[in-house]
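Novice: To start, I am sharing the structure in question, which I have written as structure tokens.
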Amino acid sequence: MNFDFSDEQQLLQQSLERFVSENYDLATRKKLADSPQGYSDDNWSTMADLGWLALPFDETDGGFGGNQIDTMIVMEQFGRGLVVEPYFANIVLGGGMLKRSSNQALRTNLLPGIITGDVQLTLAHAEEQARFDLDDVVTTAREDGEHHVLNGKKSMAPNAATATHVIVSARTGGGQQDKTGIALFLIDADDLDGNHFPTVDGGRASEISLDNVRVPSDRMIGDYELLAMTAQDAVLALSAEALGCMEVLYKSTVDYTQERVQFDQPLSDFQVVQHRMVDMFMEYEQCKSLLYRATLEAVQGAPTAARTSHALKHLVGKSASFIGENAVQLHGGMGMTEELAIGHYFKRLLVIESQFGNTDYHLAQFAA
Amino acid sequence: MEIELNNDDLEFRHEVRDFLKENAAKPGADYSQWRMDYFENAAAKGGWDVPKWPVEFGGPGWSPTQHYIWEQETVTASLPWDMPFGIGMLAPILMNYGSKEQIDRFLPDIRERKVNWCQGYSEPGAGSDLASLKTKAVLSDDGTHYTVTGTKVWTTMAHMADWMFCLTRTDDTGIKQEGITFLLIPMKQDGIEVKPIITLGGAHSVNMVHITDVKVPIENRIGEEGKGWTYAKGLLQHERTGLAGISRSIVALESLKRQAQSVSRGNGTLMDDPAFKSKVAELEIDLLAVEFTELRSLAAAASGDDPGPESSILKLKGTEIQQRIQKLTVEAGGIYSAAWGVPVGHKFARSGMQGYLGGRANTIYGGASEVQKDVIAKNVLGLKRS
């Protein structure tokens, strides 16, 4: 039994911590989030230079052969820093799909650019009628000679405005909620119409319309299985990011209540406040345990891995909400301001809750 | 025990409905003209522009049941905007503790919505523990004016206000509740600096107000020096029960149900989702109970009794329910709740997120929930703090 990180993983964690502490004070982060692009090109290059964009890819593809544990280390630190660069969209979603894709030609073609940060990917799978169901797809892909012609609407694709390519799920056959007949296409962003906008946490997302978009059929990268595997990795990565946010929130609350004096004593002297913070701490630790469990099961390819990832997203959603709301509450009026970091972590957690299935959705999946 | 409305009450409800219908904004009408007309017509009904004011100051003299009917009927009507600070907060203090001159000077403008007021209570070091406030007011040697210096925070609409009613410290030698003095200060003058505070929902409604060497004439002091806490305290209690917003929550829950029915999920809608449905049902059950808690509290007031222990839980339960509805609205919005400032996907998602974020303040202002529970433990259950 051993829950320690390897030497390489410890070095990775230290280098991430250094990056966050040197580049991500709240003022800088706010400036980035408010900028037109929403993140920094310099930071993105730094991430490429440090090899973080190459982490999960096979060594034969020019990567470092990392696994979900490495991604967890990255995302947890990004959560602690509220990092806005599109690592999740590119490396976890887009990169994760290419990495598992049987389309060898596309992988060889695109991965080098992803690793240098010049090629940017994202995934546009969500549709309004589907809510959180990955297999509910009405976007169609009709075969037409060497091409497929796509029609439909995709929602809330992260960082699509800066993506060079967008991966889209579409139906080549089957009924609206069938797992069969779903195909994933990699489309040049120039061929797509996007409505781009900010998200409440300072991120970026897009609504994408597909109006008779012709895609060469060799741009097909996989089927529903690939989408489901990627979604499971997405849950692990988002949960790791949430864990980083929750850690900052509960610790800042413990610090703040010791400084804030009301009724002639620090707030932290009130037992009701102490017990609340103990609960926040316990929720955080439980999430950490389940994150480790789900991540290790995924690395081992355990048959329970998918189910445990549902358990994880459910617990993280519940705990994030408890920790976030109480961090704001115990900071009082100050917790309500844009000036303090608290609210920004709280908002990031709210968005994570809505990504790749919310708390109720994953409970239902777990219980199914 | 009976809860039926009697014939007079039914007739009153009819009259209210007619009035609200006649005075609803006409499409395309000029907003501020309509607003002025509305309050004028309400005044002509005999104090309907100031429902809570006592008869001797021009209020309608309604029974608690009539007040309840008014609240129920107005919650779904779109009335013109109105600020509580003059009408609901300062006016009762003026009526109870102001001099004849002060009442004549300030009350008519408050009633006619000509002057906007803000409340200068909280300070950076005095939130839930309001009595520890430090804004200093020093009386001049000739006794003609105070010189006020200090900082107020969370001052709602200070950037729109003409005047502030302000708690200041005139004595810091005794216990902290004594030595607080209630002053009225014009906002548009040198020495008053209003700085916006942007809150989570991105809105600007609260401010930081720096007051530097501002001279306030003695005529602007309410009541006696050092008695300001007593004047403000009675009102704070009143403010707290007014924050429960039960009727509003009943309406909000109904609209949440409609929103959830507009969200498709599988082959049905979100209202077919057992987990979501039970959360809505739980809220509905709590509302059925808390609505009667409010009625019990109203009935006690009607019979002239002190508000009973049931009234103490209204703010706590009421705000908790508000937040749960707001949270479910964000849940209903699903992925679209994350979109910021643009209408994307479900129509209600945009305001849902703003409501949820802003609503986090509901359990903080007017006495944080933790402090409210302390008050109930002490005053209702008779417990001592260890």
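Bear in mind that the values in this text are calculations on the coordinates, not laboratory data. Quick caveat: nothing in here was measured; it's all calculated off a predicted structure. Because the Cβ atoms are built from the backbone with ideal geometry, glycine has one as well, and the counts that use them run over all protein chains shown.
Novice: What number of residues within region B:257-278 satisfy the criterion of being within 31 Å of the chain's Cα centre (by Cα) and of a type in the set (A, V, I, L, M)?
Specialist: 1
Novice: Let me ask another. Being without any contact (Cβ under 8 Å) to a residue 40 or more places away in the chain and hydrophobic (A, V, I, L, M, F, W, C) narrows it down to one of A:Phe64, A:Phe57, A:Phe78, so name that one. So that I can check it myself, show each step before the final result.
Specialist: On the way: A:Phe57 fails: without any contact (Cβ under 8 Å) to a residue 40 or more places away in the chain; A:Phe78 fails: without any contact (Cβ under 8 Å) to a residue 40 or more places away in the chain.
Checking each option against the conditions leaves just A:Phe64.
Novice: Something else now. Out of region A:80-110, which residues are outside any loop (DSSP other than H, G, I, E, B) and charged (D, E, K, R)? Let's see the steps before the verdict.
Specialist: Step one: of region A:80-110, the residues outside any loop (DSSP other than H, G, I, E, B) are A:80-81, A:87-100, A:104-110.
Answer for region A:80-110, where residues must be outside any loop (DSSP other than H, G, I, E, B) and charged (D, E, K, R): A:Arg80, A:Lys99, A:Arg100, A:Arg107.
Novice: Sticking with this structure for a sec: How many residues does region A:207-246 hold that are part of a strand (DSSP E or B) and either within 14 Å of chain B (Cβ to nearest Cβ) or of a type in the set (Lys, Arg) (or both)? Can you show your working first?
Specialist: Step one: list which residues in region A:207-246 are part of a strand (DSSP E or B), which gives A:207-216, A:220-223.
Within this subset, residues satisfying the condition of being either within 14 Å of chain B (Cβ to nearest Cβ) or of a type in the set (Lys, Arg) (or both) are A:207-209, A:214.
Residues meeting the conditions: 4.
Novice: Of all residues in region A:338-360 being over 17 Å from the mean Cα position of the chain (by Cα) and in a helix (DSSP H, G or I), which is farthest from the other protein chains (Cβ to nearest Cβ)? Give the steps one after another, and end with the answer.
Specialist: Restricting attention to region A:338-360, the residues satisfying the condition of being over 17 Å from the mean Cα position of the chain (by Cα) are A:338-343, A:360.
Okay, now just the ones that are also in a helix (DSSP H, G or I), so A:341-343, A:360.
Working: A:Ala341: 12, A:Ile342: 9, A:Gly343: 5, A:Asp360: 4 Å.
Ranking the candidates gives A:Ala341 first.
Novice: Residues in region B:179-195: is at least one within 30 Å of A:His344 (Cα to Cα) and within 14 Å of another protein chain (Cβ to nearest Cβ)? First the steps, then the outcome.
Specialist: Step one: of region B:179-195, the residues within 30 Å of A:His344 (Cα to Cα) are B:193-195.
Then keep just the ones that are within 14 Å of another protein chain (Cβ to nearest Cβ); that gives B:195.
The answer is yes; a qualifying residue exists.
Novice: Taking region A:311-337 as the region of interest, how many residues are more than 20 Å from B:Tyr365 (Cα to Cα), within 11 Å of chain B (Cβ to nearest Cβ) and polar (S, T, N, Q)?
Specialist: 1
Novice: Any idea how many residues of region B:175-226 are of a type in the set (A, V, I, L, M) and either under 30 Å from B:Leu357 (Cα atoms) or free of Cβ contacts under 8 Å to residues at least 40 places away in the same chain (or both)?
Specialist: So the first thing to find is which residues in region B:175-226 are of a type in the set (A, V, I, L, M), and the list is B:175, B:180, B:183-185, B:187, B:192, B:194, B:197-198, B:200, B:203, B:206, B:208-209, B:211, B:214, B:216, B:218, B:222.
In the following step, the residues that additionally are either under 30 Å from B:Leu357 (Cα atoms) or free of Cβ contacts under 8 Å to residues at least 40 places away in the same chain (or both) were identified as B:175, B:187, B:192, B:194, B:197-198, B:200, B:203, B:206, B:208-209, B:211.
Here the count works out to 12.
Novice: With respect to B:Gly228, determine if the residue is surrounded by fewer than 18 Cβ atoms within 10 Å (Cβ to Cβ), over 18 Å from the mean Cα position of the chain (by Cα) and either away from chain A (no Cβ under 14 Å) or farther than 27 Å from B:Thr76 by Cα (or both).
Specialist: It is false that B:Gly228 is surrounded by fewer than 18 Cβ atoms within 10 Å (Cβ to Cβ), over 18 Å from the mean Cα position of the chain (by Cα) and either away from chain A (no Cβ under 14 Å) or farther than 27 Å from B:Thr76 by Cα (or both).
Novice: Against the condition part of a helix (DSSP H, G or I) and either under 24 Å from B:His204 (Cβ atoms) or in contact (Cβ under 8 Å) with a residue 24 or more places away in the chain (or both), how does B:Gly341 come out, does it pass?
Specialist: On the way: part of a helix (DSSP H, G or I): no; either under 24 Å from B:His204 (Cβ atoms) or in contact (Cβ under 8 Å) with a residue 24 or more places away in the chain (or both): yes.
No.
Novice: Tell me, which strands (runs of 3 or more DSSP E) wholly within region A:117-206 include 3 or more residues that are away from chain B (no Cβ under 12 Å)? Let's see the steps before the verdict.
Specialist: Details: elements: A:121-124, A:140-144, A:147-158, A:165-171, A:182-188, A:193-198.
The strands (runs of 3 or more DSSP E) meeting that bar are A:121-124, A:140-144, A:147-158, A:165-171, A:182-188.
Novice: Counting just the residues of region B:354-386 that are without any contact (Cβ under 8 Å) to a residue 24 or more places away in the chain and not in a loop (DSSP other than H, G, I, E, B), which one comes out nearest to A:Pro158 (Cα to Cα)?
Specialist: Residue satisfying both the conditions and the ranking: B:Asp374.
Novice: Follow-up. The conditions are (1) on the phi > 0 side of the Ramachandran plot; (2) within 10 Å of chain B (Cβ to nearest Cβ), and A:Gly301 fails exactly one of them. Which is it?
Specialist: Only one criterion in (1) on the phi > 0 side of the Ramachandran plot; (2) within 10 Å of chain B (Cβ to nearest Cβ) is unmet by A:Gly301, namely (2).
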